[in-house]
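All of the numbers you see were taken from the coordinates with simple rules; none came from a lab. From a predicted model like this one, the values you see are computed outputs, not experimental measurements. Cβ atoms come from the backbone with ideal geometry, glycine included; neighbour counts cover every protein chain shown.
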Amino acid sequence: MSNTLQYFCDDIEDAEFYVKGGNFYSDQHHHDGTNHLMFRKWKSGITSDEKNEFVRLYNEDKKVEAIARYTRRLGQMVGKFYGWC
């Protein structure tokens, strides 16, 4: 999984992946800085209207609310995949 995710961006020189607080993160280093990413999954049954609402909230700087309402953490899934839990 990490080999696939490491090439999320073409110009990444180094990437770290970790689970913290139930979320799955990556810090990806490149020539002019570092990208900090959090990977999440849509909750089951999310409609296209709800995805549009997510985008609206996210763009209105209500990111935490939008993320919590419409997506789900991946930390436990990643942990099970790698045998951490």
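Numbers for the structure displayed
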{"quantity": "Hits in the stretch 15-56 - residues which are of a type in the set (D, E, K, R) and more than 15 Å from the chain's Cα centre (by Cα)", "calculated": "Asp32, Asp49, Glu50, Lys51, Glu53, Arg56"}
{"quantity": "Enumeration of residues in the stretch 39-77 that are part of a strand (DSSP E or B) and exposed (fewer than 14 other Cβ atoms within 10 Å of the Cβ)", "calculated": "Lys41, Trp42"}
{"quantity": "Any pair with Cβ under 7 angstrom, 6 or more apart, that starts in the stretch 39-68 at a residue that is among the β-branched types (Val, Ile, Thr) and ends at one that is surrounded by 12 or more Cβ atoms within 10 Å (Cβ to Cβ)", "calculated": "Ile46/Tyr70; Ile67/Arg40"}
